[in-house]
Amino acid sequence: MKERDCLVENVAYLGDQSQLAEELKSDKWRDALSSLGCKWWPILEPKKWNDYSNIDVVIAARSFDGKPYINKPANKLINCWRTGVPAIVTPESSILAEKKSDLDFLLVNSLDEAISAVSKLKSSPDLYANMVSNARERAKDFTVEKGCERFMKFFEEFAFPTYNEWIKLTESQKKTLFWRRCSKLKLDNFKDRTINSLIERFF
């Protein structure tokens, strides 16, 4: 857990180097943080990813190209909530799906916006404190108990009823259903690849 009140000095990234936006590896980013009285703290060793005690802000940005990364979960954001650390993020689909309040995270689409977001947190102790408080409230939805509840709800309300309906089908109906769902999965994957390709090409 964060233990530094509203101090904004250590701006961290926790994750693999390959998943960090190229702009965040630049001198411009490091120099901008330094001018704000902040330190850039990329934490690349997995064994250290659970220690947020000296982290004041986390930035989670794989790229600034608007790519939704539909296959990536919102783990970094949820970890920030669970540790009470404000998050600066890019518009990944899983992160946007979790949003309930403007205090959930600061959304950025470029390196300049990321720098502005750090500056905003640095100069606005009230905003920082409110984001920390909000994070702790949001974290209540992601406890082990809540996770178990969602897991059981999935089985009770979807998996078991669906299976009970499936076992009543004839073998022919089961095969038809299988191929129909297989075709839909392939079509959905094709749509996702096409959308990502268009985003990379035009944006």
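The values are calculated or read from the model by the stated rules, or taken from the named source; none is laboratory data. Quick caveat: nothing in here was measured; it's all calculated off a predicted structure. Note that we place each Cβ from the backbone using ideal geometry, even for glycine, and neighbour counts take in every protein chain shown. Heads up: the accessible areas ignore ligands, DNA and RNA and are worked out on the full protein's heavy atoms, side chains in. Shrake-Rupley method; radii C 1.70, N 1.55, O 1.52, S 1.80 Å.
State yes or no: is ILE78 of a type in the set (Val, Ile, Thr), in a helix (DSSP H, G or I) and farther than 16 Å from GLU113 by Cβ? Write out each step before concluding.
Numbers: of a type in the set (Val, Ile, Thr): yes; in a helix (DSSP H, G or I): yes; farther than 16 Å from GLU113 by Cβ: yes.
Yes.
Would you be able to tell me the number of residues in region 88-115 that are over 9 Å from the mean Cα position of the chain (by Cα) and closer than 19 Å to LEU20 by Cβ?
Restricting attention to region 88-115, the residues satisfying the condition of being over 9 Å from the mean Cα position of the chain (by Cα) are 88, 97, 99-115.
In the following step, the residues that additionally are closer than 19 Å to LEU20 by Cβ were identified as 88, 105-115.
Total satisfying the criteria: 12.
Identify the single condition in (1) in a helix (DSSP H, G or I); (2) farther than 30 Å from ASP188 by Cα that VAL58 does not satisfy, given that it satisfies every other one.
Evaluating VAL58 over (1) in a helix (DSSP H, G or I); (2) farther than 30 Å from ASP188 by Cα leaves (1) as the failure.
Taking region 160-188 on its own, how many of its residues are in a loop (DSSP other than H, G, I, E, B) and of a type outside the set (D, E, K, R)?
Within region 160-188, the first condition is being in a loop (DSSP other than H, G, I, E, B), and the residues that meet it are 167-170.
Remaining after also requiring of a type outside the set (D, E, K, R): 167, 169-170.
Adding up the residues that qualify gives 3.
When you go through (1) within 20 Å of the chain's Cα centre (by Cα); (2) under 21 Å from SER124 (Cα atoms); (3) surrounded by fewer than 16 Cβ atoms within 10 Å (Cβ to Cβ) one by one for ASN50, which number turns out not to apply?
Looking at each condition in turn, ASN50 falls short on (2).
Please work out which residue is most open to solvent (accessible area, probe 1.4 Å), limiting yourself to region 15-30 and to residues that are assigned to a helix (DSSP H, G or I), within 13 Å of ALA114 (Cβ to Cβ) and out of contact with any strand residue (DSSP E or B) (no Cβ under 6 Å at 6 or more places or on another chain).
Start the filter on region 15-30 by keeping residues that are assigned to a helix (DSSP H, G or I), which leaves 17-19, 22-25, 27-30.
Filter once more, keeping what is within 13 Å of ALA114 (Cβ to Cβ): 22-25, 28-30.
In the following step, the residues that additionally are out of contact with any strand residue (DSSP E or B) (no Cβ under 6 Å at 6 or more places or on another chain) were identified as 22-25, 28-29.
Working: GLU22: 124, GLU23: 75, LEU24: 1, LYS25: 61, LYS28: 109, TRP29: 0 Å².
Here the residue is GLU22.
Quick check on region 54-69: of everything there that is within 11 Å of the chain's Cα centre (by Cα) and modelled with pLDDT under 95, which residue is least open to solvent (accessible area, probe 1.4 Å)?
Result: PRO68.
If I ask for residues that are farther than 19 Å from CYS6 by Cα and surrounded by 16 or more Cβ atoms within 10 Å (Cβ to Cβ), which ones from region 31-41 would you list?
Answer for region 31-41, where residues must be farther than 19 Å from CYS6 by Cα and surrounded by 16 or more Cβ atoms within 10 Å (Cβ to Cβ): just ALA32.
Would you mind stating whether ALA12 is in a strand (DSSP E or B) and out of contact with any helix residue (DSSP H, G or I) (no Cβ under 6 Å at 6 or more places or on another chain)? Steps first, please.
Details: in a strand (DSSP E or B): yes; out of contact with any helix residue (DSSP H, G or I) (no Cβ under 6 Å at 6 or more places or on another chain): yes.
The answer is yes for ALA12.
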